[in-house]
Amino acid sequence: MKTRIIGTGSCLPEAVVTNDDLAKIMDTSDEWISSRTGIKKRHLAKAETTASMSVEAAKRALENAGVTAEELDLIILGTVSADYVTPACACEVQAQIGAKNAVAFDVNAACSGFMFALNIANAYIQAGLYRTALILGAETLSKIVDWSDRSTCVLFGDGAGAAVVRGDEKYGMLAFDQGSDGAKGDVLACLGRTNNNPLIKSDREIAYVHMDGQEVYKFAVTTVPASLQKTIEASGLTPEDIDYYALHQANIRIIQSVSKRLHISEEKFPISLDHCGNISAASVPILLDEMNRNGLLKPGTKIAMSGFGGGLTWASAILQW
Ligand code: ACO
């Protein structure tokens, strides 16, 4: 039995903000942003929330899969920007789509969140505990980035992506790899809320996303190709056998470096970061949905997927569509 993606969906906020728009409100330029990152524009939430975009993406994925909400046994949602501490965003999705038979919870693995959700769902399906799962990556990063730090705020966007997965005899996941390095957690962090407990003295203030860009770059260009190599080998394939590499959309330079290290043409690396920016956990499922709806994915198409980011965390999987 293999875990197969049988439908995808995504949702982006209505408002589009270009690099030139950002240059009107801070000291930056389209030239600086696009030459270093490949990002040209991003969607930023105004009325939308992490939950509202997740619900829309979920509905589209269910429709694409031909599965009803009642058929879902499991909902796992990767996010670092849920609307509430509790209830989990996955529980909000469950309630709003009417998936009354599902178990629902969030996972916090930053930009690897969707891939962690996929691998957890795979484990449940392999164990025979559940048959059909909805997995999502969803973020409203615009509310946790530091808008006074031009070196980070220009990189990120908002959105949600979803996939329905189910056990299948023929096609599906061939291999996966997952890892974490908590000792390097401080290179990409968001300390979050403050503490107003009157019994203790806390000097901790609300803190937004902080990143050491060069350390993140070094981590990504070494860990991602190694994880992909390992996973491709475990699947019994070679890098040339893979039809598409669907990677976390952090930065075009990281993707180019991975393609060079694997000796695989950049044409096999579809891109959404140019129009979406980096949407952390949502970037891989949004890219997958674009590939699916653009007709790139046919039964049997071989895809290598990889997420990497805060934690530090990373996860890769090889799937036959
Ligand atoms: N516009 C104009 N100038 C800027 C901007 C901006 N938005 N941001 C920073 N600068 C300036 C800096 O002030 C600095 O100026 P100085 O030389 O006068 O001091 C100069 O540009 C270089 O700044 P650096 O921070 O050193 O920029 P760098 O060349 O490292 O590029 C970048 C930053 C693109 C983030 C790079 O480090 C990178 O590619 N990192 C990879 C990690 C990444 O993409 N992370 C995304 C999120 S994490 C994830 O998803 C896994």
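The values are calculated or read from the model by the stated rules, or taken from the named source; none is laboratory data. Since the structure is predicted, the reported quantities are computational estimates derived from the model, not experimental observations. Cβ: placed from backbone, ideal geometry, glycine included. Neighbour counts: every protein chain shown. Surface areas here come from the heavy atoms of the whole protein model, side chains and all, with no ligands, DNA or RNA. Shrake-Rupley method; radii C 1.70, N 1.55, O 1.52, S 1.80 Å.
Here are the numbers for the structure shown:
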item: R0 of 35 Å, Cβ-Cβ distance TYR217-MET1: FRET efficiency to nearest 0.05; result: 0.35
item: Local electrostatic count at GLU92 - Lys and Arg +1, Asp and Glu -1, tallied over other residues with Cβ under 13 Å; result: -3
item: Stretch gain in nm, segment LYS143-ALA183, where the contour uses 0.36 nm per residue and the Cα spacing is subtracted; result: 11.8 nm
item: Net lengthening on full extension, LYS46/TRP32 (0.36 nm per residue, minus Cα-Cα); result: 2.5 nm
item: Pair-distance profile P(r), taking every C-alpha pair of the chain, with 20 angstrom steps and integer %; result: 35, 58, 7, 0
item: Carbon/sulfur fraction of accessible area - region 174-320, other protein chains in place, 1.4 Å, %; result: 50 percent
item: Farthest toward positive dipole pole in region 1-144 [+1 Lys/Arg, -1 Asp/Glu at C-beta], among TYR130, CYS89, ALA51; result: TYR130
item: Residue-level accessible surface for HIS43, protein heavy atoms, 1.4 Å, Å²; result: 30 Å²
item: For peptides 269-281, 19-31, 151-163, sequence by mean Cβ density within 10 Å, most packed first; result: 151-163, 269-281, 19-31
item: Per-peptide average of other Cβ atoms within 10 Å, ordering 4-12, 140-148 highest first; result: 4-12, 140-148
item: Rough spin-label spacing in nm, given labels placed 7 Å along Cα→Cβ, for ARG253 and THR238; result: 3.2 nm
item: Estimated D of region 210-321 in µm² per second, where Rh is the Kirkwood radius over Cα pairs and Stokes-Einstein applies at 10 °C, 1.306 mPa s; result: 113 µm²/s
item: Simple label model, 7 Å out from Cα along Cβ direction - ASN294 to LYS170, nm; result: 2.6 nm
item: Euclidean distance of C-alpha centroids, region 168-218 and region 242-287, integer Å; result: 21 Å
item: Probe 1.4 Å, accessible area per residue of the chain, Å²; result: 43 Å²
item: Subset of LYS59/LYS268; LYS170/LYS298; LYS40/LYS184 violating a 18 Å alpha-carbon distance limit; result: LYS59/LYS268; LYS40/LYS184
item: Gain on full stretching of the segment that runs from ARG131 to HIS263 - 0.36 nm per residue minus C-alpha separation; result: 43.8 nm
item: Efficiency of FRET between ASN197 and ALA95 - r from beta-carbon atoms, R0 30 angstrom, step 0.05; result: 0.45
item: Cα gyration tensor shape for region 2-172, rounded if a/c is under 1.5, else prolate or oblate; result: prolate
